[in-house]
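Enquirer: Encoded as structure tokens, here's the structure I'll be asking about.
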């Protein structure tokens, strides 16, 4: 697949790098973030919309870091790693502390997460444009 660019009125074909343009990436990030909120548990996120699914920006679903700290102690290794990874997009330093509390490193988190959890984190990584 190629993308057409025009330079000095000359059309050039350039290969896509496998990453969507920014507006599409932001939309994919939002939809994937909603999936992550649902999977991790909406009580771990502040919802500034009528429901997580009606949020129009990921900032409307910010992690509740204190709730996440408490939840990690009571969840499986996979769920704890997933929660910590989700938190990392919002606050990387706090996400790292949560990973430590969960007893995993970033690379190790992928080893304990379920396929669905890994797919969500992978999509968030690919489409992340900053908080």
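Enquirer: Tell me which helices (runs of 4 or more DSSP H) are completely within region 1-102 and hold 2 or more residues being surrounded by fewer than 16 Cβ atoms within 10 Å (Cβ to Cβ) and modelled with pLDDT of 85 or more, or say none if there are none. Lay out the reasoning, then the answer.
Expert: Numbers: elements: 22-40, 65-72, 77-90, 92-102.
Helices (runs of 4 or more DSSP H) meeting the threshold: 22-40, 65-72, 92-102.
Enquirer: A further question on this structure: Can you tell me which residue in region 110-131 is nearest to the chain's Cα centre (by Cα), limited to those that are more than 24 Å from residue 59 (Cβ to Cβ) and surrounded by 14 or more Cβ atoms within 10 Å (Cβ to Cβ)?
Expert: 118
Enquirer: Restricting attention to region 103-119, which residues are without any contact (Cβ under 8 Å) to a residue 40 or more places away in the chain and either touching a strand residue (DSSP E or B) at 6+ places or on another chain (Cβ under 6 Å) or in a helix (DSSP H, G or I) (or both)? Before the answer, list the steps.
Expert: Taking region 103-119 and keeping what is without any contact (Cβ under 8 Å) to a residue 40 or more places away in the chain, we get 103-115, 118-119.
Those that are without any contact (Cβ under 8 Å) to a residue 40 or more places away in the chain and either touching a strand residue (DSSP E or B) at 6+ places or on another chain (Cβ under 6 Å) or in a helix (DSSP H, G or I) (or both): 106, 107, 108, 109, 110, 111, 112, 115, 118, 119.
The values are calculated or read from the model by the stated rules, or taken from the named source; none is laboratory data. On a predicted model such as this, the values are computed, not experimentally measured, just so you know. Quick reminder, even Gly has a Cβ in these numbers, built from the backbone with ideal geometry, and neighbours come from all protein chains shown.
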